[in-house]
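A.B. asks: Structure in structure tokens, see below.
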Amino acid sequence: MHEASKHYTVGSFAKLTGLSVRTLHYYDEIGLMKAYKDPQSGHRYYGEDDIGILQKIVTMKFLGYSLEDIQTLLQHPRFDASLLDSFLAQKEALEAQRKRIDTAIKAITRATVLLEDKKEVDSSIMISIIQSIQSEHEQREWLEQFLEPDMVSGLFDRPLEAQELLDKQYVDTVNEVRRLFGRPIDDPEVQTLMQEQLNTSLNYVGSDNVQDLAVLSEMNEDQLKKLEAMMPSPFTPEEEEWLQQAMDYFMRKNGMV
């Protein structure tokens, strides 16, 4: 700032620009926008030219740039082709951030509907649902190694109401498994649960697609572990083992294997 230019105290400049005094002090401290220090009084001032600098800072922050990046950009009095790569990289970063935010909003929306309906949901079940939503893109890519893209889309691209209904059914199933856990696998209630689970699975994938999904049964151990990491289970290892034994018994009893 030139001494002869119209100057503002830190407080008046804060009011003029809408920034807090604390923010201006921080910008001064890191050298992003230095205030002029009167050598006699020690007071700090800003000039009219600082308004233009601040507008650049606010604009670059709006575009998502970090203060460190903005400090570098301020060294360019003109924007030319040399900054093209920077703008394109920032656009890519913002698009990735938008996808993350959209996914987070989707997860919060479904969690809200679930809580409104159930009033209370075990934290492990809710986290399992949210993590599954979070990893949906990775799940799609992984499944497309084994299934046709149209079938993968059919599994994921469902109306929101249908997804919310599946969440509620999932909570009911987990709670029922925990209630019945430890009973003999041939217990009538346990076997009824297996039938309900099978029906829910068939409704989800579609009876016409069951044969195409059989390829998933040929996955090796590493592939299974990768899938499990993307779709975390709310069950303990003991519950998982008991559930598998109960389903195996159901399948044998009904001549499905």
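A.B. asks: Only one of Val171, Val113, Val121 is assigned to a loop (DSSP other than H, G, I, E, B), touching a residue at least 12 places away in the same chain (Cβ under 8 Å) and farther than 30 Å from Ser66 by Cα. Can you tell me which?
C.D. replies: Details: Val171 fails: assigned to a loop (DSSP other than H, G, I, E, B); Val113 fails: assigned to a loop (DSSP other than H, G, I, E, B).
Being assigned to a loop (DSSP other than H, G, I, E, B), touching a residue at least 12 places away in the same chain (Cβ under 8 Å) and farther than 30 Å from Ser66 by Cα holds for just one of Val171, Val113, Val121, which is Val121.
A.B. asks: Can you spot a residue in segment 113-135 that is modelled with pLDDT under 90 and polar (S, T, N, Q)?
C.D. replies: As a first pass, look at segment 113-135 and keep what is modelled with pLDDT under 90: none.
The answer is no, given that none of the residues of segment 113-135 is modelled with pLDDT under 90 and polar (S, T, N, Q).
A.B. asks: Ok, one more. Kindly indicate the residue of segment 9-30 that is of a type in the set (S, T, N, Q) and part of a helix (DSSP H, G or I) and also nearest to Glu68 (Cα to Cα) among those meeting that condition. Break it down stepwise before answering.
C.D. replies: Within segment 9-30, the subset of a type in the set (S, T, N, Q) is 9, 12, 17, 20, 23.
Those still in the list that are part of a helix (DSSP H, G or I) too: 12, 17, 23.
Details: Ser12: 26, Thr17: 21, Thr23: 15 Å.
Ranking the candidates gives Thr23 first.
A.B. asks: If the requirement is being of a type in the set (Val, Ile, Thr) and at pLDDT below 90, which of these qualifies: Val177, Val171, Val190, Val210? If you could, list the steps in order and put the result at the bottom.
C.D. replies: Numbers: Val177 fails: at pLDDT below 90; Val171 fails: at pLDDT below 90; Val190 fails: at pLDDT below 90.
Val210 is the lone residue from the list that is of a type in the set (Val, Ile, Thr) and at pLDDT below 90.
A.B. asks: Can you find even one residue in segment 35-45 that is part of a helix (DSSP H, G or I) and surrounded by 12 or more Cβ atoms within 10 Å (Cβ to Cβ)? Talk me through it step by step, then tell me what you get.
C.D. replies: Of segment 35-45, the ones part of a helix (DSSP H, G or I) are none.
Checked segment 35-45: no residue is part of a helix (DSSP H, G or I) and surrounded by 12 or more Cβ atoms within 10 Å (Cβ to Cβ).
A.B. asks: Of the numbered conditions (1) in a helix (DSSP H, G or I); (2) over 17 Å from Pro234 (Cα atoms); (3) at pLDDT below 90; (4) of a type outside the set (D, E, K, R), Ala93 satisfies every one except a single condition; which is it?
C.D. replies: Here Ala93 meets the rest and fails (3).
A.B. asks: Go through segment 171-203 residue by residue and tally those that are acidic (Asp, Glu) and under 36 Å from the mean Cα position of the chain (by Cα). Let's see the steps before the verdict.
C.D. replies: Our first condition is that a residue be acidic (Asp, Glu); within segment 171-203, this holds for 172, 176, 186-187, 189, 196.
Okay, now just the ones that are also under 36 Å from the mean Cα position of the chain (by Cα), so 172, 176, 196.
Here the count works out to 3.
A.B. asks: Now, a different point. Residues Ile127, Ile101: which one is farther than 24 Å from Leu202 by Cα, under 13 Å from the mean Cα position of the chain (by Cα) and assigned by TED's automatic domain parsing to the domain that holds Pro232? Even if it seems obvious, please write down each step before you answer.
C.D. replies: Numbers: Ile101 fails: assigned by TED's automatic domain parsing to the domain that holds Pro232.
Residue meeting the stated conditions: Ile127.
A.B. asks: Go through the residues of segment 77-89 one by one and say whether even a single one is surrounded by 10 or more Cβ atoms within 10 Å (Cβ to Cβ) and among the charged types (D, E, K, R).
C.D. replies: The answer is no, given that none of the residues of segment 77-89 is surrounded by 10 or more Cβ atoms within 10 Å (Cβ to Cβ) and among the charged types (D, E, K, R).
A.B. asks: Are any of the residues in segment 224-243 at pLDDT below 70 and of a type in the set (Gly, Ala, Ser)?
C.D. replies: No.
The values are calculated or read from the model by the stated rules, or taken from the named source; none is laboratory data. Just so you know, these numbers come straight off a predicted model, no measurement behind them. Ideal geometry is used to build each Cβ from the backbone, glycine not excepted, and the neighbour counts take in all protein chains shown.
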